[in-house]
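Below is one structure, written out as structure tokens, with a few remarks after it.
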Amino acid sequence: MTTCVAAATLLLAVSACSPEESTEGDGSIVFWTPYTTPERIAAQQPVIDAFTEATGVEVEMVPLEPDQAGQTLVTAAASGDVPDVIAHNPSSTAAWAAQGLLDDQAPQAIVDELGADTFSQAALDMVTIDDRLHAVPSDGWGHTIAYRTDLFADAGLEPPASVADLAAAAELLDADGMAGIAIGTTPGDVYTQEGLESMLLPFGCRLATDGKVRIDSPECVEGLAHYQRLAAAAGPAQVDVEAARAAYLSGSAAMVLFSSHIVDEVAGLDVDNPVTCTECGDNPRFLAENTAYLTTFTGTGAEAPVEYGQTTNYGIPAGANTADATEFVKYMLTDGYVENLASATEGRIPVRPGPEAGSTEYLDAWSQLPFGNDQAQEVSIEQVYGPALVERLAAGAEEFTRWGWGTPDAELAGIVFSQTILATEAEALFDGAPPAEVAAAMAASVEAAQQDLGG
């Protein structure tokens, strides 16, 4: 590879020093994976070994936390020694595309060969920047509301379908020793930032549109008013992601906002986060048997249902060994697809349901994979929860939505998320300030971040 000396923080230097892409493979690639725990590394290795056996291409897998990948890639690009494939989220796609760090031709060629109609359109949209595909979607997780069906039945409540339903139920179920809902209420925390976006999206609230900040729109103010009600029913203590999980698993919260990673924990299949509710001592499946999941929902019932989601995508950096990288990505979405998803089944819902349009071959195989990390209990999501939950999770993956992704506002949305700007301003909301006032403060902070970007 070509090497030149440049300051890694200078975009012009990075662009100038980017080496020519390899159109003919050299028989080896470097793959950066965000799945870094020992058990997940071990689960990925057999898939990689099978690819090498099938193609002769050697793969060096490098575990790298997502928050380290950005600067590491900039430095690698400046030195002319980039990895060949990076599994990453759409926020990184937007940032790297803006810096010219990603190949914007290979992903489209891969999707065209595999069939664009075999992918979730929402997942493709998330990594489409300026009308060009900059990565290839693989899988994802979405926010879900887990709720206690027994408590809802005892209170005479119908299953919720909207944020308005959730707020009303949380207020009714909030009592001594029982929070109506476990949801982010810690100012400046990522879980709170996620929760705000997740609960505001169904109202049609947008962070920005075509460069115009919209977080102070009537739709967003309405969403904030409902979030204020949810937060008030979450108990007196500040709630972060660990507290939220613990509250639901202990039976001290009637609902919880969480990613799909919660489904194994509720089923008593996560040895690191065991169920601790009173009834769980005699029946470890008590929570699973009395929990239903809401994956897509509206604001008040009048809007189109959506789901806050996060996808994992394969990006090929500019200057990579494109030929071998392309073969690797195709393998990971075909022959190696389902086995690779097993590295974190409950959090890796396929966004390519099958090899042909309308096929659910991969989705059906995924639904039968073991989930959780309790080696003594190898059961699938379908075995524990039935096919209905599989269908809801799959339907949610078709509706994954995030602010800005796939639009010119993607970079701004990424900055707002990484800096938890809305969660920081939400402290006033939790203290009882009028939602319109909080929305105005949020808009001012987002506009300041936009100015810092040069917008």
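Give me the helices (runs of 4 or more DSSP H) completely within the range 190-260, filtered to those with at least 1 residues that are within 18 Å of the chain's Cα centre (by Cα) and not aromatic (F, W, Y), ordered by residue number.
Output list reads 190-200, 241-249.
Tell me which of these D67 doesn't satisfy, since it passes every other one: (1) touching a helix residue (DSSP H, G or I) at 6+ places or on another chain (Cβ under 7 Å); (2) under 21 Å from S138 (Cα atoms).
Failed condition: (1).
Within the range 123-181, which residues are closer than 30 Å to P90 by Cβ, assigned to a loop (DSSP other than H, G, I, E, B) and hydrophobic (A, V, I, L, M, F, W, C)?
Selection gives V127, A135, A161, I181.
Take the range 402-430 and flag every residue that is within 16 Å of L201 (Cα to Cα), of a type outside the set (S, T, N, Q) and either assigned to a loop (DSSP other than H, G, I, E, B) or without any contact (Cβ under 8 Å) to a residue 12 or more places away in the chain (or both).
R402, W403, G404, W405, G406, D409
Taking the options L230, L172, name whichever one is closer than 30 Å to A410 by Cα, in contact (Cβ under 8 Å) with a residue 12 or more places away in the chain, assigned by TED's automatic domain parsing to the domain that holds S418 and not β-branched (V, I, T).
Of the residues listed, the single one that is closer than 30 Å to A410 by Cα, in contact (Cβ under 8 Å) with a residue 12 or more places away in the chain, assigned by TED's automatic domain parsing to the domain that holds S418 and not β-branched (V, I, T) is L230.
Of all residues in the range 201-222, how many are out of contact with any strand residue (DSSP E or B) (no Cβ under 6 Å at 6 or more places or on another chain), farther than 15 Å from A441 by Cβ and not polar (S, T, N, Q)?
Looking only at that region, the number is 11.
Give me the strands (runs of 3 or more DSSP E) completely within the range 18-97, filtered to those with at least 3 residues that are at pLDDT below 95, ordered by residue number.
No strands (runs of 3 or more DSSP E) qualify here.
Counting just the residues of the range 302-319 that are assigned to a loop (DSSP other than H, G, I, E, B) and touching a Gly at 6+ places or on another chain (Cβ under 8 Å), which one comes out surrounded by the fewest Cβ atoms within 10 Å (Cβ to Cβ)?
Only one residue fits best here, namely E303.
For R392, work out the one condition from (1) buried (at least 17 other Cβ atoms within 10 Å of the Cβ); (2) assigned by TED's automatic domain parsing to the domain that holds Y191; (3) touching a residue at least 60 places away in the same chain (Cβ under 8 Å) it doesn't fulfil.
(2)
Within the bounds of the range 115-125, is there any residue that is within 18 Å of T33 (Cβ to Cβ) and touching a strand residue (DSSP E or B) at 6+ places or on another chain (Cβ under 9 Å)?
no
The values are calculated or read from the model by the stated rules, or taken from the named source; none is laboratory data. Because the structure is a prediction, the values reported are computed rather than measured. Ideal geometry is used to build each Cβ from the backbone, glycine not excepted, and the neighbour counts take in all protein chains shown.
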